[in-house]
1. Please report how far the C-alpha centroid of the range 25-88 lies from that of the range 561-599, rounded to the nearest whole angstrom.
2. Hey, which of these cross-link pairs are over 26 Å Cα-Cα: 297/584; 53/452; 53/107; 60/308; 297/326?
3. With contacts defined as alpha carbon pairs under 8 Å and 6 or more residues apart, what's the relative contact order of the chain in percent?
4. Any idea how far the Cα center of the range 520-536 sits from the one of the range 437-471, in Å?
5. Modelling each spin label as a point 7 Å along the Cα-to-Cβ direction, I'd like the residue 679/residue 224 distance in nm, to one decimal.
6. So which cysteines in the chain don't have a second cysteine's C-beta under 4.7 Å from them?
7. In debye, nearest 20: dipole of the range 311-356 around its Cα centre with unit charges on the Cβ of K, R (+) and D, E (-)?
8. How much net charge surrounds residue 605 when only other residues with a Cβ under 9 Å from its Cβ are counted (Lys, Arg +1; Asp, Glu -1)?
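Where a number appears in this text, it was derived from the coordinates with a stated rule and is not lab data. Keep in mind the model is a prediction, meaning the values are calculated, not measured. A quick note on method: Cβ atoms are made from the backbone with ideal geometry, for glycine too, and the neighbour counts reach across all protein chains shown.
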Amino acid sequence: MRVMIALVLILPLFAPSSAWAAAPEAPGAPGGGSSWTTGDKSALGTATTTGSKVWFTVAKGVTSEVFYPRADVANVQDMQYVVTDGSSFVDLERDATTHAVSMPDEKALEYTVTNTARSGRYRITNTYVTDPARSTLLVRTRFQSLDGGPYQLYVLYNPSLAGGGGSDTGAWDAANGALVASDPQPVFGGTVASALKSSAGFTRRSTGYSATASDGYRDLQANKRLTAEYDATSGGNIVQTAQIPISGDSTFTLALGFGPDRAAATASAGASLNSGFAAAETSYRTGWHGYLDGLAKPVPASVSGDTKRRRTYNVSVMGLHAAEDKTFRGANVASLSTPWGDYVNGDALNDGYHRVWGRDLYQQATALLAAGDTAQAGRMARWLWDRQQITAWTQGDGVWYGPGSFPRYSPVSGVGGATPQQLGCCEQLDQDAFAIVLAWQTGLTGAADWNKIKLTADHIARVGPRTPGERWEEQDGISPSTVAAEIAGLVCAADIARRNGDTASAARYESTADSWRDGLDGWTFTTTGYFGDRQYYERIEHGTDPNDTHARTFHDGTWWERDIVDGGFLELVRLGIRPASHPKVTASLPELDGVDSVTTPGGAVYWHRYNHDSYGESQDDGTGWPANHGRLTGRVWPLLSGERGEYELAAGRPANSHLQAMADSADQGYLIPEQAWDRADQFGFVFGKPTGSAAPLAWAQGQYVRLAQSITAGRPVETPLVVADRYLG
């Protein structure tokens with residue numbers, strides 16, 4: 001599908017003609033194929049209230065995925081405007097304008113996107129909030145003719161309801177002046193409908209099938225006006241188009257309401273319009289102000305005096321709060337995006353990154369603890385143990401998960417009712433261990449909690465240290481980063497065991513953790529590597545001999561595993577297992593920096609996940625990873641600058657430059673991406689700025705928040721004290 005914007009416009013109320021009868025059925029069902037949009041979001045938001053179950057995103061200047069009623073169900077591909085003079089041109093807002101993103105209030109996830117025509121003819125200014133009282137996205141739009149010319153304005157809305165665009169239907173609801181759409185196929189047990197209304201009304205409207213003769217945008221391209229009016233009742237990939245009456249300078253509001261059926265969606269959109277944008281905006285801001293002002297920790301000194309760093313901090317904290325589902329509290333999705341979504345089929349439900357990884361949730365929760373939101377961090381820990389822990393053999397995607405394990409990921413509702421595909425493949429023991437560490441950090445140490453924790457700790461002790469998948473989810477074996485998490489998890493479990501009178505389990509966990517700590521260097525520190533002085537930690541080891549010639553195959557070829565370098569060994573320091581001065585840690589830094597680091601022209605230093613990483617754009621043509629074109633190349637991950645910053649603090653050195661690098665990678669909306677472009681500007685990407693993967697990545701936002709607080713504290717605040725006390729004294 002194309003990128004469309006679902007908006008709420010503010011203009012004098014226009015009464016739709018009651019004479020409008022049901023339109024004829026649109027030809028062309030089911031329409032062309034659909035996709036999602038780029039993962040590079042420049043704005044996102046939701047109200048702080050739990051009753052407003054809608055989240056919005058913006059990409060390339062226009063509305064992109066909108067989520068309802070859960071943070072893992074996208075219902076919109078895009079929504080945007082089309083501008084024409086009726087005779088000589090037709091402009092699609094996304095493509096024909098330059099985009100500027102700003103925040104009217106840096107303490108609220110409210111964004112204004114100003115789109116100015118490259119031709120100089122007009123400007124469109126859109127301000128986004130969601131109605132805190134109901135599930136409605138509101139977009140206040142100002143359209144200005146810059147050259148005095150008379151123009152026509154159309155909204156082009158591209159629904160993909162219930163997680164996909166393959167079976168939607170839509171029509172004009174004359175009685176309520178709304179374009180309505182619905183999908184009869186339930187998702188997670190419920191159906192989804194939308195209703196689009198304008199405070200200015202619609203003078204013409206149509207629902208057609210994408211990329212066919214009934215597609216309203218094709219009609220506009222061919223005729224410079226909307227000549228046909230249809231309904232689409234057969235089901236398929238629909239688009240809805242409506243003309244909004246404007247003058248040379250007009251302001252109006254679009255309301256995109258959601259509900260389980262069309263009546264509920266229409267009622268939501270109508271009530272939001274009746275209350276007005278100003279009232280919703282005030283309430284929306286008040287909610288976010290209250291959240292930030294209620295945190296136990298103030299904005300840290302490391303960011304408070306610099307506008308970019310401070311705004312990135314506030315947006316990151318708010319982003320972590322916004323990533324929480326409003327029905328299944330504590331379930332934080334990894335991102336409100338689909339990585340390279342513009343290359344991903346959108347006909348049916350695709351989870352993208354809007355699902356819950358235990359590792360990502362841990363990184364987010366520890367950041368919220370650092371920021372002073374102990375309540376949400378506690379909900380996140382509780383969700384892991386109540387909804388994502390596996391307590392009986394459970395089928396995943398091509399694997400079985402055993403009791404005590406955690407799946408690769410799950411929907412926000414957890415493992416209950418999830419399909420094998422929704423649980424993924426394969427188990428990653430660091431996720432199992434991080435659940436224990438987070439339980440210890442948030443005080444889930446009572447008898448009932450201990451019974452659950454013991455199941456997982458026993459599982460780790462029995463099947464570790466080797467993991468089916470390490471933190472980059474691609475390789476099995478013995479990984480320094482995973483083993484670090486396993487050791488920390490077992491030590492935390494031992495402390496909880498003692499609190500519950502189980503001294504035998506405590507001793508067994510500590511003995512196992514100690515033996516893995518003692519053995520790790522011998523298993524994973526090579527002295528015959530290819531780089532530097534040939535002595536450094538491997539990324540992962542298949543057996544226990546890091547000097548053998550075992551090979552692993554990647555997208556770009558087959559390589560000895562002793563020649564694959566990543567920074568996972570820094571977890572040993574961050575989690576309190578080794579001091580920053582540990583000889584093998586310091587010996588590995590030159591190779592890590594020499595192989596994986598990149599410095600931008602501005603001096604920011606970033607790191608690749610590892611050499612030979614292919615999880616990124618094609619170096620042949622810049623297309624996204626799912627397209628699988630030639631020379632796929634993983635780009636730099638700003639969160640790794642944050643991890644290095646925490647190491648530098650542990651070593652007694654400053655980390656401000658690493659914090660600044662993370663802030664520099666953010667886009668105009670202060671959203672920190674998963675990946676940033678790693679070389680000179682190319683294919684529309686800017687060196688050190690977001691790629692098409694995912695922005696924001698909540699893990700990256702959490703890393704930024706945690707590093708900011710750690711710099712002010714003078715130490716890594718995440719380090720579990722019980723682990724550091726055992727191994728560092």
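1. 42 Å
2. 297/584; 53/452
3. Contact order relative to length: 13 percent.
4. 30 Å
5. 4.5 nm
6. Cysteines of the chain left without a disulfide-compatible partner: 492.
7. Approximately 260 debye in magnitude.
8. After counting each charged neighbour, the total is 0.
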